[in-house]
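Engineer: The structure's right below; bear with me while I get my questions together.
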Amino acid sequence: MRLVILGPPGAGKGTQAAFITDDYNIPHVSTGEILRDNVVRRTALGRQASQIMNRGDLVPDGVINDMVAQRLAEPDTANGFLLDGYPRTVNQAQALDALLAERSTPLDVVLRFVVALEQAEPRILGRGEGRGDDAAAAVKRRFEEYNNKTKPLEGFYAQRGLVRDVDAVGSVEEVRERVAKVLSGVEVGS
Ligand code: AMP
């Protein structure tokens with residue numbers, strides 16, 4: 001199973017991603033996590049990304065595309081993978097398409113987590129992000145980036161017939177059941 005999870009910040013993607021990767025025995029590839037790990041380890045990439053991330057801006061496409069290409073070259077992705085937080089721009093989606101086409105391993109499904117932005121933003125603030133003026137501005141900025149650059153991906157993938165919607169409003173268990181139901185109907189390529 002090769003899948004992408006799309007949805008605004010605060011839609012519960014990370015939580016559900018952990019269940020999916022357990023159930024399907026595939027790695028959870030979160031670009032945000034890889035970046036945060038680089039920040040902690042103070043790598044060149046981490047130093048380059050940390051200020052951008054603190055502002056809530058997107059890290060440049062070229063940097064992210066290279067990072068993902070490297071991660072997807074690792075052998076644990078042979079059975080599939082779940083991408084969480086990537087792609088976030090049309091450029092990234094095109095780079096991913098090209099990479100997967102080269103390997104003849106196209107995506108099976110794009111799960112779109114549907115939640116009104118008015119419901120997602122309080123969730124982000126509620127988990128302790130956005131305290132202080134700078135942090136609040138960064139949360140606002142992340143939603144702007146999502147609307148401007150990531151939302152267009154819904155159309156990009158819908159054109160390819162890959163998008164399945166999941167109502168992301170409800171308890172973790174409720175959403176988990178909806179996800180399982182949607183995925184059980186997905187035909188998985190080789
Ligand atoms: P996340 O944990 O997915 O919300 O990502 C945290 C931050 O990392 C984002 O606000 C961006 O600054 C950066 N980031 C993560 N994934 C990407 C991506 N695919 N493209 C650009 N920036 C990203």
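The values are calculated or read from the model by the stated rules, or taken from the named source; none is laboratory data. What you are looking at is a predicted structure, and each value in this text was computed from that prediction instead of being measured. Positions of Cβ are backbone-derived with ideal geometry, glycine not excepted, and every protein chain shown enters the neighbour counts.
Engineer: Return the pairs, sorted by first residue and then second, in which the second residue is assigned to a helix (DSSP H, G or I), the first residue lies in region 112-125 and is over 19 Å from A136 (Cα atoms), the beta carbons are less than 7 Å apart, and the residues are 6+ apart or on different chains.
Structural biologist: Sorted first by the residue in region 112-125, then by its partner, the pairs are R112/E154; F113/K13.
Engineer: If I ask for residues that are part of a helix (DSSP H, G or I) and either within 29 Å of G130 (Cβ to Cβ) or in contact with an Asp or Glu (Cβ under 8 Å, 6 or more places away or on another chain) (or both), which ones from region 63-96 would you list?
Structural biologist: Within region 63-96, the subset part of a helix (DSSP H, G or I) is 63-72, 75-77, 90-96.
Selection gives V63, I64, N65, M67, V68, R71, V90, N91, Q92, A93, A95.
Engineer: Looking only at region 141-165, count how many residues are in a helix (DSSP H, G or I) and surrounded by fewer than 14 Cβ atoms within 10 Å (Cβ to Cβ). Talk me through it step by step, then tell me what you get.
Structural biologist: Taking region 141-165 first, the residues in a helix (DSSP H, G or I) are 141-150, 152-158.
From what is left, the residues that are surrounded by fewer than 14 Cβ atoms within 10 Å (Cβ to Cβ) are 144, 147-148, 152, 155, 158.
So the answer is 6.
Engineer: With (1) at pLDDT 95 or above; (2) closer than 23 Å to F143 by Cα; (3) within 14 Å of the ligand (Cβ to nearest atom) as the list, and G56 as the residue in question, which single condition is left unmet?
Structural biologist: Every listed condition holds for G56 apart from (1).
Engineer: Pull out all pairs, ordered by first then second residue, where Cβ-Cβ is under 8 Å, the residues are six or more apart or on different chains, the first lies in region 29-47 and is in contact (Cβ under 8 Å) with a residue 24 or more places away in the chain, and the second is part of a helix (DSSP H, G or I) and of a type in the set (V, I, T).
Structural biologist: Taking only residues 6 or more apart or on different chains, the pairs are V29/V68; V29/T77; T31/I64; T31/V68.
Engineer: While we're looking at this one, here's another question. Where the second residue is part of a helix (DSSP H, G or I) and among the hydrophobic types (A, V, I, L, M, F, W, C) and the first is closer than 19 Å to N54 by Cβ and more than 10 Å from the ligand (Cβ to nearest atom) and lies in region 140-156, which pairs have Cβ atoms under 9 Å and are six or more apart or on separate chains?
Structural biologist: F143/L117; F143/A120; F143/I124
Engineer: Further question: Please indicate, with yes or no, whether at least one residue in region 71-87 is hydrophobic (A, V, I, L, M, F, W, C), at pLDDT 95 or above, within 12 Å of the ligand (Cβ to nearest atom) and touching a strand residue (DSSP E or B) at 6+ places or on another chain (Cβ under 7 Å).
Structural biologist: Yes - at least one qualifying residue is present in region 71-87.
Engineer: Restricting region 110-134 to residues that are farther than 20 Å from G14 by Cα and assigned to a helix (DSSP H, G or I), which is nearest to the ligand (Cβ to nearest atom)?
Structural biologist: Keep residues of region 110-134 that are farther than 20 Å from G14 by Cα, which gives 131-134.
Adding the requirement that they be assigned to a helix (DSSP H, G or I) leaves 133-134.
Details: D133: 18, D134: 14 Å.
Top of the filtered list is D134.
Engineer: Which of the residues belonging to region 7-23 are away from the ligand (no atom under 11 Å from the Cβ), buried (at least 17 other Cβ atoms within 10 Å of the Cβ) and either at pLDDT 95 or above or hydrophobic (A, V, I, L, M, F, W, C) (or both)? So that I can check it myself, show each step before the final result.
Structural biologist: Keep residues of region 7-23 that are away from the ligand (no atom under 11 Å from the Cβ), which gives 12, 15-16, 18-23.
Retained after the next criterion (residues that are buried (at least 17 other Cβ atoms within 10 Å of the Cβ)): 12, 16, 20-21.
Matches in region 7-23: Q16, I20, T21.
Engineer: Determine the pairs where a residue that is farther than 13 Å from T89 by Cα, located within region 56-75, has a partner that is outside any helix (DSSP H, G or I) and within 10 Å of the ligand (Cβ to nearest atom) with Cβ atoms under 8 Å apart, the partner being 6 or more residues away or on another chain.
Structural biologist: V68/L83; V68/Y86
Engineer: A further question on this structure: Looking at L183, L99, can you tell me which residue is under 30 Å from P75 (Cβ atoms), assigned to a helix (DSSP H, G or I) and touching a strand residue (DSSP E or B) at 6+ places or on another chain (Cβ under 8 Å)?
Structural biologist: On the way: L99 fails: touching a strand residue (DSSP E or B) at 6+ places or on another chain (Cβ under 8 Å).
The match here is L183.
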